[in-house]
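The next block holds one structure in the form of structure tokens; read it before the comments.
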Amino acid sequence: MAAGNHSTVTEFILAGLTEKPELHLVLFLFFLGTYVVTVVGNLGMVTLIVLSSHLHVPMYYFLSNLSFVDLCQSTVITPKMLVNFLTEENTISYPECMTQLYHFIVFAIAECHMLSVMAYDCYVSICNPLLYNVTMSYQVCSWLVVEVCMMGLTVATAHTGCMLRVILCKATIINHYFCDILSLLELSCSNTYINEVVLLCFSVFNILAPTLTIIGSYVSIIASILRIHSTEGRSKAFSTCSCHISAVTLFYGSLAFMYLLPSNVSSMDQIKVSSLFYTIIVPMLNPLIYSLRNKDVKVAFNKIIEKRPFCISKDL
């Protein structure tokens, strides 16, 4: 059915991050810089992994997919937010809002499960190194990525489908800087019981399953590292997964951040702050973490840089 049959609202106003106009220019410049770094960092990571043959291993295959997800996640949110800083009325149409909601859910869920897949890859490489090539074959890695994508698409389709049946008529102002499930449900004039049940079920699964996978993987990894007698061996094993630990801490830490804020902060402010981290800040920091703390990435980058002058001089 058409969107108009489900909602009396055809256009929304996004409340944004702040109601103070004097801060809009500063915030615009900050988030513009953040988005530029995000695009350059994640596109650069994907390009580097594609061009460097010695990075064609499961760990970097998953990393390239994580970079793509981060880039898309930020692109779904940031450009619209930047435009809103420069306009008086931060409007978004109903179809645009539902489209943004759908893609936001797709990439948020994909990131959750991609991080758990990367944790499993670390577990196999450290705990079962002799079986690594068999366990993490090209076919297995491809299927894992496909499953991550299907999980994101399935959850997004379910949530967006449930949202389309909700009648939104209480107000036209969304108390957020993008179209989020909770902020949209606040505008509902109809029964949202099904939406809340679907949200609860999928939230439990999409948080619990990746979290248990990550915790289980790292418990086994730590146990294996402690059994290594040489200091050099322990250091090498730890460096294999240290970047991933940082990425997991940032992403899941930002999700948990809303529950750690003081009780005098309103719930919607908590959601905004937490969302800001995992939709904009984390996608920017992930490529920096993997490039600055990963020797293989640094070596690959240096080789690409060294080849360019040689190729240019040869053509001349």
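The values are calculated or read from the model by the stated rules, or taken from the named source; none is laboratory data. Worth saying up front: this structure is predicted, and the values here are computed from it rather than measured. No Cβ is skipped: glycine too gets one built from the backbone with ideal geometry, and neighbour counts run over all protein chains shown. What goes into the accessible areas is simple: the full protein's heavy atoms, side chains included, and nothing from ligands, DNA or RNA. Shrake-Rupley method; radii C 1.70, N 1.55, O 1.52, S 1.80 Å.
Filtering Ile214, Ile289, Ile280 for residues that are modelled with pLDDT of 75 or more and under 19 Å from Tyr123 (Cα atoms) leaves a single hit, Ile214.
Taken as a whole, the condition of being open to solvent by less than 40 Å² (accessible area, probe 1.4 Å), within 30 Å of Ser190 (Cα to Cα) and either at pLDDT 90 or above or assigned to a loop (DSSP other than H, G, I, E, B) (or both) does not apply to Thr78. Considering each residue of the stretch 42-60 in turn, none proves to be in a helix (DSSP H, G or I), open to solvent by 30 Å² or more (accessible area, probe 1.4 Å), without any contact (Cβ under 8 Å) to a residue 12 or more places away in the chain and not polar (S, T, N, Q).
With the checklist (1) surrounded by 15 or more Cβ atoms within 10 Å (Cβ to Cβ); (2) over 22 Å from the mean Cα position of the chain (by Cα); (3) outside any helix (DSSP H, G or I) in hand, flag the one item Leu17 doesn't pass. Exception for Leu17: condition (2). In this entry, Val36 passes the filter for residues that are at pLDDT 95 or above and in a helix (DSSP H, G or I).
When we screen Leu153, Leu164, Leu144, Leu168 for residues that are of a type in the set (A, V, I, L, M, F, W, C), over 19 Å from the mean Cα position of the chain (by Cα) and open to solvent by 30 Å² or more (accessible area, probe 1.4 Å), the only hit is Leu164.
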